[in-house]
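A.B. asks: Sharing a structure below in structure tokens format, with a few things to ask.
The values are calculated or read from the model by the stated rules, or taken from the named source; none is laboratory data. Here the structure is a predicted model, which is why all the values come from computation and not from measurement. Heads up, the Cβs are rebuilt from the backbone with ideal geometry, glycines too, and the neighbour counts pull from every protein chain shown.
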Amino acid sequence: MFRIGQGYDVHRLEKGRELWLGGVLIPHSSGLSGHSDADVLLHAICDAVLGAAGSGDIGHHFPDSDPAHRGRSSREFLKIVGEIAKAGGWSVSNIDATIIAEKPKLSPYVTEMCGNVAADLDLSPTQVNIKATTTEGLGFVGREEGIAALAVAMLTSETSG
């Protein structure tokens, strides 16, 4: 048995913040605004895994109203989400994700992002695919107001039947 989940996240760019994507600190003039490190890629992946496992969403498990999550690394969230899926009898088979950002150029960081996601979900890097694209100057992403991410996760049942 298998299940598929999808995730989507957006955060506003803000001067004076660090830019974290896929657990990688990326040099840039702005970072993403949020309660945690605001890593849109990992947030979208968390929601995809939670959705496939039928376990709610990232806001349910890590609410921004909880001060314990202020500034917290989204890699911690991803590890916990992997444990939630496993506790429900699910194993992550693969992740496919897309970051939508006008700048900075993200291709130099994709391999490290894949490695981080794979490590946090106890996967082989070949089970994780991350892409980056722009909106060709259109919309809030094109105006460099924010960054978005989409993710899909496939989970398989760890139990037969």
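A.B. asks: I'd like the residue in the stretch 114-138 that is among the acidic types (Asp, Glu) and not in a helix (DSSP H, G or I) and, out of all such residues, is surrounded by the fewest Cβ atoms within 10 Å (Cβ to Cβ).
C.D. replies: Among those residues, the one meeting the criterion is Glu136.
A.B. asks: State whether one or more residues within the stretch 102-110 are farther than 21 Å from Val128 by Cβ, without any contact (Cβ under 8 Å) to a residue 40 or more places away in the chain and polar (S, T, N, Q).
C.D. replies: No - not one qualifying residue is present in the stretch 102-110.
A.B. asks: Being assigned to a helix (DSSP H, G or I) and either among the hydroxyl-bearing types (Ser, Thr, Tyr) or in contact with a Ser or Thr (Cβ under 9 Å, 6 or more places away or on another chain) (or both) narrows it down to one of Ala68, Ala44, so name that one.
C.D. replies: None of the other options fit; the residue is Ala44.
A.B. asks: Checking the structure you have, find out if any residue of the stretch 15-33 is closer than 21 Å to Pro67 by Cα and β-branched (Val, Ile, Thr).
C.D. replies: no
A.B. asks: Additional query: Restricting the first residue to the stretch 129-147 and requiring it to be closer than 17 Å to Asp39 by Cβ, which pairs with a second residue that is among the hydroxyl-bearing types (Ser, Thr, Tyr) and assigned to a strand (DSSP E or B) meet a Cβ separation below 8 Å and a spacing of at least six or different chains?
C.D. replies: Ile130/Thr98; Lys131/Thr98; Ala132/Thr98
A.B. asks: Any idea which residue in the stretch 139-153 is surrounded by the fewest Cβ atoms within 10 Å (Cβ to Cβ), counting only those that are closer than 8 Å to Glu102 by Cβ and not charged (D, E, K, R)?
C.D. replies: Only one residue fits best here, namely Gly142.
A.B. asks: Shifting gears a bit: What residue, among those in the stretch 17-34 that are in a loop (DSSP other than H, G, I, E, B) and out of contact with any helix residue (DSSP H, G or I) (no Cβ under 6 Å at 6 or more places or on another chain), is surrounded by the fewest Cβ atoms within 10 Å (Cβ to Cβ)?
C.D. replies: Among those that are in a loop (DSSP other than H, G, I, E, B) and out of contact with any helix residue (DSSP H, G or I) (no Cβ under 6 Å at 6 or more places or on another chain), it is Pro27.
A.B. asks: Of all residues in the stretch 1-10 being surrounded by fewer than 21 Cβ atoms within 10 Å (Cβ to Cβ) and at pLDDT 95 or above, which is farthest from Glu102 (Cα to Cα)?
C.D. replies: Restricting to residues being surrounded by fewer than 21 Cβ atoms within 10 Å (Cβ to Cβ) and at pLDDT 95 or above, the top hit is Phe2.
A.B. asks: Filter the stretch 1-16 for residues that are touching a residue at least 40 places away in the same chain (Cβ under 8 Å) and not in a strand (DSSP E or B) and give the result.
C.D. replies: If the condition is that a residue be touching a residue at least 40 places away in the same chain (Cβ under 8 Å) and not in a strand (DSSP E or B), then Met1 is the only one that fits.
A.B. asks: Can you name every residue in the stretch 93-103 that is surrounded by 16 or more Cβ atoms within 10 Å (Cβ to Cβ) and assigned to a loop (DSSP other than H, G, I, E, B)?
C.D. replies: Scanning the stretch 93-103 gives Ala101, Glu102.
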